[in-house]
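The values are calculated or read from the model by the stated rules, or taken from the named source; none is laboratory data. Just so it is clear, the model here is predicted, and its values are computed rather than measured. Glycine gets a Cβ as well: all are built from the backbone with ideal geometry, and neighbour counts include every protein chain shown. We work out accessible area using only protein heavy atoms, side chains counted, and drop any ligands, DNA or RNA first. Shrake-Rupley method; radii C 1.70, N 1.55, O 1.52, S 1.80 Å.
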Amino acid sequence: MNGSGLISHTQICAYSCKALGRFEQRLVTMINKENEFQNDEHPIDPAIRREIEATLARLEEEYSIKILFACESGSRGWGFASPDSDYDVRFIYVHKVEWYLTVLPGRDVIELPISDVYDVSGWDLRKALGLLRNGNATLVEWLSSPVIYVADQNFLSAVRDVAQQIDRPERAFHHYLHMAKKNYREHLGESVR
């Protein structure tokens with residue numbers, strides 16, 4: 001902290017760099033363990049897992065999609081859930097070929113209404129790959145989640161390989177720096193310089 005009691009921009013940057021380094025190390029570890037779809041470190045209650053898997057299957061039927069990958073992206077996935085934490089289910093899906101062969105693109109996001117228990121949303125493959133190309137930190141987080149609900153092995157291996165090849169750490173750095181500043185302002189009520 002500086003003399004005014006505020007955390008300096010330099011301190012936030014240093015913290016963000018350390019967090020980013022740990023995150024990238026976690027991603028590399030998960031890529032090296034790509035056959036481990038279930039991680040006992042952060043278990044999901046089997047009944048809840050069945051409900052989530054049933055919801056994902058219902059979405060596949062309702063929207064005529066194929067879910068290629070689905071994970072836990074929130075506090076439950078990273079091992080710091082509180083008793084009232086919801087389940088943040090994120091997924092990547094693909095439509096049938098005909099959906100992509102239209103003049104006007106369709107909606108590329110599927111979102112269910114958020115409840116006290118579940119927050120479920122996913123991105124179309126084209127959207128996900130476009131975001132990955134630009135170094136989207138959120139998508140990289142999804143791909144490194146230790147809790148996987150659905151995974152097409154070939155897709156997951158390929159997309160993790162691409163994520164590693166086109167890694168854009170400066171984008172992730174700015175993403176986490178922005179989040180740190182926002183959280184600092186919102187939760188501590190002081191401005192960040």
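Before moving on, here are some points about what is shown:
- For residue 118, distant residues with modelled amide H under 5 Å away: 87
- Table column - 3J(HN,Hα) (Hz), region 124-141, Karplus curve with 6.51, -1.76, 1.60, x for Gly and Pro: 4, 4, 4, 4, 4, 5, x, 5, 4, 4, 8, x, 4, 5, 4, 5, 4, 4
- Taking amide H as placed 1.01 Å from N in the peptide plane, residue 68 has its amide H under 5 Å from the amide H of 92, 93, 94, each at least 5 places away in sequence or on another chain.
- Ranking by accessible area, most exposed first, for 66, 127 with a 1.4 Å probe: 66, 127
- Förster radius 35 Å - calculated FRET efficiency between residue 115 and residue 155 (Cβ-Cβ, nearest 0.05): 0.80
- Vicinal HN-Hα couplings computed from phi for region 144-154 (Karplus, 6.51 cos²θ - 1.76 cosθ + 1.60; Hz; Gly/Pro x): 9, 4, x, 10, 10, 9, 9, 7, 7, 4, 5
- Counting all C-alpha pairs of region 55-193, share separated by more than 28 Å (%): 24 percent
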